[in-house]
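Data first, discussion second: the structure below is written as structure tokens.
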Amino acid sequence: MKYALFLIAALAACGDEAINPVALTGSGGSTAASGAGGSGGAPVVKRRVEQRNPFGNVAAIDNLLWDGDFEWRATFASQYGWYASPSTQFYELGLPPLEMGARCRSGIKCARLDPQWVILGLGVASQHSLNVSVWAKPEDGMCNAVFVILLSQSNSESAVEVPAESDAPAADGWCHFALLVPARDSATYLFVQNGGSGQLIVDDAVITPAVEGQDVLPAGLRIAPESVAAPIRAWARAATRPRIEPPNEERLRFEERMRTRKWTR
Amino acid sequence: MRGWMLSPLRAAGFGGARVAAAFVLLAFTAKARAGDFLDDGSFYFDPAAVASFDFEDGVPEPSDPRDPPLTRSDASDALSGQWVIDVEPFADAFVSIDLPDVMRTYRASLWVRGGDSAGFAVIAHEDGRAAEVAVLYPTGRITSDGWVELANEGIRVDGTRSGLGIGVFSPEGGQMDAIELVPDGDIDGINPACFGALDDACGVGESCYWGECRNVNGWVPPIPSDREVVTQYLENRLRFLFGPFLQRSIDLPGALIAMEAMRHASDPWSYWNSYALAVRRLHDGHTQFGGLADFVLENPKPLAICFLEGDADLSHLTEPSDPEYHDVLVSHVGADHNLGLAPGDRLVRIDGLHPIEWSRMLVEGNWNHPTAANHQTFAEHASQLRSVISRFASEIEVIRCNPQGCGAVEVISIRDLPADAPGTPVSPVACDNRPLRHVPTAPFETHAGDWDAAYAGLLLESNTIEKIYGIEWESLFTTNGQDGVGANLNAGIQLLENDAARGVIFDHRTGTGGTLAGPEIIWDFAVTTHPVSFMLTRQRAEDEQPTLAAGLAIFQQAVSQGNAEVAGSSNPSSIPIALLITQDVSASDWLPLGLKGAAPNVRIFGPYATSGSFSTFHQLGYWLGFNMGLASADTYLPDGSTANGTGIEPDVVVLPKQSDLVNGKDTVFEAALAWIRAELGP
């Protein structure tokens, strides 16, 4: 908690630096369900039905993240493209709590973060500049309480804040964070912190190599202090060390269940 | 209680004018093959459904009669009606459907909400075994009140023979509603007999398992409507993220060729199995593919026989060795399900091929296909024979031997083995590449050690004067030296020091990897501090094999910055130390890497090089249906070369001998013991 507040303060202190986020094209996600509605004398609508791409935002075919849309998370995974921690103490290497269905922006699955929770997405860099985009839906409606940082594995490459396009969410409740950053040499991480007071849904994260002609860099980037970036890098290092661990509880329970179950005809 | 069919109108709670509206809608959906929604969001079942469950009249009996009743709760936002089934975390909820006595295909579906849930349908025959499985994948239909549809189509069932269980497993807990089974096709025949993996009797979407063409179409989702996009996205996972450079050079091209088939596959199995094949073709120890069937399908013909590669020195006159592969021998067997085979018997051929060649051939269709990262050793294949023979072989040829000699080549029909009666116990013997155990506390009968077990003690072959000890273990997983195997491994080292052991054999012949904190325990005991390697996560999507000079610069920088892996301690032991290896991955590769050539009193004994899996991995999967691990890094060695794909050669190459096995001897162990005794002197 203390660290989270520090992180918030540290980033806020950088707030007067010039920011010139590059408008990104649509990420390919479909719009979220708008919820039950109806007006005037119209009949009560019990629910709305929506068709999503069950594979998520695969239209971002060159996404450099392992699984930006959270759709390809294996059920019994122990090592995945995202890690989560309840705080910036970074003691844990757990997986993000999963949200499913209409609360997600694209596809079927997304991540759900309680206050102060953080997640880290793993990816690679490219020889090209990087377009960074991620969507977050804060329950408290404050985009500026969500902190998004793009980091590199090497501490010789600055960690930069990925700004929200606006302080307030769009009508559908989603905040869009986007940035174009110069090419990097070392592996890329996307860090998201819920600094708000309510739950945060995170979805549809995309890091793609910039295309020809798009390498017009913003006038300034908001650099995250090394005191903020270093612990995140250390966490990322721990997440990417050799590790083959025993089957997790989910898997053991399922294996036992399937081993002993009878199927009646 | 049988499944029952509800009127779609009653299920949706309609009345009066809404009924008319529903009929209008249905009139426009003459080919409806699934439940659907009215304009107000009310759900109705497909009138063609042969079974539907919305739990309005109570709950059906669970599919396993020993299970507690399903739990339903009143929910105003139930998808259908007013009741839903609650699924507790880590629990499942399944219902049985008694099908019409016809052969046809079905679309099965259900709706879930809440935490992560996975749906599937299991086809079972009279014996109650799970004979086939179909995973229910998201269709993309979701509702504003949280429901997600899971379904699959074209599920082939012979209703004269089989029933269907359908439901969900939920690691996080959730709710289920609106189960539905709708006929979606007719078929003439189903599940013909087949004679092993080489038989072409099976049709599209079928695979020969246990002598029968079983349906595997249901393991995978339908071909995506945006096939080209999904294919390219998946291809880019391999191109961008797969880390090992050597495999990128020599194996990735073949993997991408496999993926080309996804672009024109005409059935779901061909589409998705091409992706599974691509992953397997990457040929890496951390890079694996698996699926729900591994958990659900029950082997009706289990075998309790463990094989390893060796030297069949007693039977070469009858059957010469293969020029490419080592001989395959029985290491040890369980008390039952052993085909009468015994240690030292030789497995000559499987369906006409050398056993290793036959096992390697299974890469085309066996999702679980194992591999070492290097291209020269096949320990994984030898130890998996026990399961794949039962599953994929039609017949095997063996030579039985005893201390007096060997017999002729004998054919054993696997296809004619009778299925076990349900519930028949099977010897729980594990295949651990150890013909014998040598430490008194080790599990002699089962060979099955726990993940955190390390068995240490005075060797059975030694005595309190000679003081040669042993430690036998599999996992190297520990995060801090105390959890996982750490405490037991440290206790074993402590025992050596407390008892003033004069020599030790570290028996790690099945090394399942772990973390580098595992080998550090052995390194600290055995060798002087020295830099070993530097594992580096894949950096950029475009990176390919670096030059030696570039690799050297990376390694040296890692050393100077304190980021390299360092093995050893300032005051290691000087007693003779032998490490036994056979099958390994990851941290179990690093263990011999840190010992190799690092001290004159340390020697590595084994039949061949280690796997060479110097990486780590991340997993991707799709619901409960399939998952894969993909190696995400490579490792730089002090000379600037990259390590993944090149195993650590033993100092002493020694193969298990048939003549030893039949006499109850453990060749590799005996060689290590002889070396230690020679080092100790008279």
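Considering (1) at pLDDT below 95; (2) closer than 23 Å to residue B:217 by Cα, the lone condition that residue B:112 does not fulfil carries the number (1). Pull up the stretch B:154-184, narrow it to residues that are touching a residue at least 60 places away in the same chain (Cβ under 8 Å) and either farther than 30 Å from residue A:101 by Cα or acidic (Asp, Glu) (or both), then point me to the one that is surrounded by the most Cβ atoms within 10 Å (Cβ to Cβ). If we take residues in the stretch B:154-184 being touching a residue at least 60 places away in the same chain (Cβ under 8 Å) and either farther than 30 Å from residue A:101 by Cα or acidic (Asp, Glu) (or both), then B:180 is surrounded by the most Cβ atoms within 10 Å (Cβ to Cβ).
For every residue, the table says whether it meets (1) within 14 Å of another protein chain (Cβ to nearest Cβ); (2) among the acidic types (Asp, Glu); (3) closer than 27 Å to residue B:393 by Cβ; (4) out of contact with any His (no Cβ under 7 Å at 6 or more places or on another chain).
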residue: B:202; (1), (2), (3), (4): no, no, yes, yes
residue: B:207; (1), (2), (3), (4): no, no, yes, yes
residue: B:212; (1), (2), (3), (4): no, yes, yes, yes
residue: B:222; (1), (2), (3), (4): yes, no, no, yes
residue: B:235; (1), (2), (3), (4): yes, yes, no, yes
residue: B:238; (1), (2), (3), (4): yes, no, no, yes
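If you go through the stretch B:281-319 and keep only what is more than 14 Å from every other protein chain (Cβ to nearest Cβ) and either in contact with a Cys (Cβ under 8 Å, 6 or more places away or on another chain) or of a type in the set (A, V, I, L, M) (or both), you end up with B:282, B:303, B:304, B:305, B:306, B:307, B:308, B:312, B:314, B:315, B:317, B:318. If you check B:344, B:334, B:365 for being more than 20 Å from residue B:655 (Cβ to Cβ) and at pLDDT 95 or above, only one passes: B:334. Can you give me the number of residues within the stretch B:89-129 that are within 7 Å of another protein chain (Cβ to nearest Cβ), crowded, with 21+ Cβ neighbours inside 10 Å, free of Cβ contacts under 8 Å to residues at least 60 places away in the same chain and closer than 24 Å to residue A:103 by Cα? Residues that pass the stated criteria total 1. Please verify whether residue A:127 is over 13 Å from the mean Cα position of the chain (by Cα) and either facing chain B (nearest Cβ under 8 Å) or within 22 Å of residue B:143 (Cα to Cα) (or both), treating the condition exactly as stated. Against the criterion (over 13 Å from the mean Cα position of the chain (by Cα) and either facing chain B (nearest Cβ under 8 Å) or within 22 Å of residue B:143 (Cα to Cα) (or both)), residue A:127 qualifies. How many residues does the stretch B:409-428 hold that are loosely packed, with under 12 Cβ neighbours inside 10 Å and within 26 Å of the chain's Cα centre (by Cα)? Residues flagged as loosely packed, with under 12 Cβ neighbours inside 10 Å and within 26 Å of the chain's Cα centre (by Cα) within the stretch B:409-428 amount to 5. One residue stands out in the stretch A:95-124 among those that are more than 23 Å from residue B:176 (Cα to Cα) and at the interface with chain B (Cβ under 7 Å from one of its Cβ atoms): the one that is farthest from the chain's Cα centre (by Cα), namely A:124.
Of the listed requirements (1) open to solvent by 40 Å² or more (accessible area, probe 1.4 Å); (2) under 16 Å from residue A:65 (Cα atoms); (3) hydrophobic (A, V, I, L, M, F, W, C), residue A:180 misses just one: (1).
If you go through the stretch A:66-83 and keep only what is more than 27 Å from residue B:144 (Cα to Cα) and more than 9 Å from chain B (Cβ to nearest Cβ), you end up with just A:83. The lone criterion from (1) among the charged types (D, E, K, R); (2) more than 20 Å from residue B:72 (Cβ to Cβ); (3) within 11 Å of chain A (Cβ to nearest Cβ); (4) surrounded by fewer than 24 Cβ atoms within 10 Å (Cβ to Cβ) left unmet by residue B:132 is number (4). Residues in the stretch B:352-372 that are open to solvent by less than 30 Å² (accessible area, probe 1.4 Å) and part of a loop (DSSP other than H, G, I, E, B): B:354, B:365, B:366, B:367, B:369, B:370, B:371, B:372. Residues in the stretch B:305-340 that are crowded, with 20+ Cβ neighbours inside 10 Å and among the hydrophobic types (A, V, I, L, M, F, W, C): B:305, B:306, B:307, B:308, B:312, B:314, B:328, B:329, B:330, B:333.
Annotation note: of A:197, A:227, the sole residue that is away from chain B (no Cβ under 14 Å) and part of a helix (DSSP H, G or I) is A:227. Summed over the stretch A:230-245, the residues that are at the interface with chain B (Cβ under 8 Å from one of its Cβ atoms) and open to solvent by less than 40 Å² (accessible area, probe 1.4 Å) give a count of 3.
Cβ-Cβ distances below 6 Å connect the following pairs, each with a first residue in the stretch B:529-545 that is within 12 Å of chain A (Cβ to nearest Cβ) and buried (at least 20 other Cβ atoms within 10 Å of the Cβ), a second residue that is modelled with pLDDT under 95 and part of a loop (DSSP other than H, G, I, E, B), and a separation of six or more residues or different chains: B:537/A:240. Kindly indicate whether any position in the stretch B:620-628 is within 30 Å of residue B:679 (Cα to Cα) and open to solvent by less than 10 Å² (accessible area, probe 1.4 Å). Among the residues of the stretch B:620-628, not one is within 30 Å of residue B:679 (Cα to Cα) and open to solvent by less than 10 Å² (accessible area, probe 1.4 Å), which makes the answer no.
Within the stretch B:327-344, residues that are at positive phi have Cβ atoms under 6 Å from residues that are part of a loop (DSSP other than H, G, I, E, B) in these pairs: B:337/B:302; B:337/B:303; B:337/B:304; B:337/B:426; B:344/B:662, counting only partners at least 6 apart in sequence or on another chain.
Where helices (runs of 4 or more DSSP H) fall wholly inside the stretch B:217-321, the ranges with 3 or more residues that are over 19 Å from residue B:626 (Cβ atoms) are B:227-241, B:245-250, B:252-260. Scanning the stretch B:244-259 for residues that are free of Cβ contacts under 8 Å to residues at least 12 places away in the same chain and small (Gly, Ala, Ser) gives no hits. Looking across the stretch B:262-302, just one residue is free of Cβ contacts under 8 Å to residues at least 24 places away in the same chain and open to solvent by less than 30 Å² (accessible area, probe 1.4 Å), and that is B:274.
Of the conditions (1) surrounded by fewer than 17 Cβ atoms within 10 Å (Cβ to Cβ); (2) touching a residue at least 24 places away in the same chain (Cβ under 8 Å); (3) of a type in the set (D, E, K, R), residue A:212 clears all except one; give me its number. It is condition (2) that residue A:212 fails.
Among the residues of the stretch A:55-94, the one identified as within 12 Å of the chain's Cα centre (by Cα), assigned to a loop (DSSP other than H, G, I, E, B) and assigned by TED's automatic domain parsing to the domain that holds residue A:194 is A:81. Check whether at least one residue in the stretch B:375-394 is assigned to a strand (DSSP E or B) and in contact with an Asp or Glu (Cβ under 7 Å, 6 or more places away or on another chain), and report yes or no. Within the stretch B:375-394, none of the residues are assigned to a strand (DSSP E or B) and in contact with an Asp or Glu (Cβ under 7 Å, 6 or more places away or on another chain).
Out of the stretch B:277-307, which residues are in contact with a His (Cβ under 6 Å, 6 or more places away or on another chain) and farther than 29 Å from residue B:647 by Cα? I'd like the intermediate steps shown before the answer.
The first filter runs over the stretch B:277-307 and keeps only residues in contact with a His (Cβ under 6 Å, 6 or more places away or on another chain), leaving B:280, B:302-304, B:306.
Once the filter is applied, which keeps residues that are in contact with a His (Cβ under 6 Å, 6 or more places away or on another chain) and farther than 29 Å from residue B:647 by Cα, the stretch B:277-307 yields B:302, B:303, B:304.
In the stretch B:413-431, the residues that are touching a residue at least 12 places away in the same chain (Cβ under 8 Å) form Cβ pairs under 9 Å with partners that are open to solvent by 90 Å² or more (accessible area, probe 1.4 Å), at six or more places apart or across chains, as follows: B:415/B:195; B:427/B:335; B:427/B:445; B:428/B:445; B:429/B:335; B:429/B:445.
The values are calculated or read from the model by the stated rules, or taken from the named source; none is laboratory data. These numbers were taken from a predicted model, which means no experiment stands behind them. Cβ sites come from the backbone with ideal geometry, for glycine too, and all protein chains shown count toward neighbours. Just so you know, the surface numbers come from the protein's heavy atoms only, side chains and all, with ligands and any DNA or RNA stripped out. Shrake-Rupley method; radii C 1.70, N 1.55, O 1.52, S 1.80 Å.
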